[in-house]
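The values are calculated or read from the model by the stated rules, or taken from the named source; none is laboratory data. Just so we're clear, the structure is a prediction, and the values are computed from it rather than from any experiment. We place every Cβ from the backbone using ideal geometry, glycine too, and count neighbours over all the protein chains shown.
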């Protein structure tokens, strides 16, 4: 990252996450973010882009998300630092079945120093429309099927419950559905209050519960290995209970019995460290999660 406005395009399929580093402090520092969504099928679509700030030990300091619909949205954050620190900024779009993301700008002012020039000076918002003027999705005489019929999918079943937003995985077995939600998108750092932009994923969870649930739903919270065992256990339990309250209070799923429990850092789905012993930030991010287990109807 360099002084001035740093520009870039990012999406969850071809380009991202993007990383920047800079030095901040001692003194007052202002962080300015801006984001414009790329659209879906050439049309505006409500999207979120996350700006996650880490210190040099890969500890998450702040998590900010900007929501955009067809226009540039901006967000600023200020802080005063007592000492000079190297900071890492990650720009990431949500993990979904659709290609999501867009154009963003970053500017750091105040007590900040850089080791490079502003990135992407000539970057413009990427055109990701699936069609363009004069270029329709079909050609005259090109039918969507041929004589004899063509299946819409090959091999295996079509998953009707594709992940969206914070809902990053849906696993189905004969007796249950296990829904995995990313804690970093559901909650702010070190908090157990559900973020407003997590509603789309939780709405999808509600849809699955209503259509598939036998009536028994377990909610389990998990953390990475940072922090003490007692603290992680408490935070994971509070986050599981927060999801239960959201589902109960907002959706009033009649006939559904919920139970929630926190497991802290006791059940990993990815390594917290790399083979050389260094920190694995991507692995720890996968471990920070909430899982919802839905008992299926016969």
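Can you list the strands (runs of 3 or more DSSP E) found entirely within the range 1-116 that contain at least 1 residues being over 25 Å from residue 224 (Cα atoms)? First the steps, then the outcome.
Details: elements: 6-11, 18-37, 47-54, 60-68, 73-81, 85-92, 101-113.
The qualifying strands (runs of 3 or more DSSP E) are 6-11, 18-37, 47-54, 60-68, 73-81, 101-113.
Whether any residue in the range 150-171 is at pLDDT 85 or above, at negative phi, exposed (fewer than 15 other Cβ atoms within 10 Å of the Cβ) and not assigned by TED's automatic domain parsing to the domain that holds residue 71 is what I want to check.
yes
Looking only at the range 242-260, which residues are surrounded by 13 or more Cβ atoms within 10 Å (Cβ to Cβ) and outside any helix (DSSP H, G or I)?
Across the range 242-260, the qualifying residues are 253, 256, 258, 260.
One residue is enough: does the range 220-241 have a residue meeting the conditions buried (at least 16 other Cβ atoms within 10 Å of the Cβ), more than 18 Å from the chain's Cα centre (by Cα), modelled with pLDDT of 95 or more and assigned to a loop (DSSP other than H, G, I, E, B)?
no
Which one is modelled with the highest pLDDT, of the residues in the range 45-85 that are surrounded by 14 or more Cβ atoms within 10 Å (Cβ to Cβ) and over 22 Å from residue 185 (Cα atoms)?
Per the stated criteria, the residue is 85.
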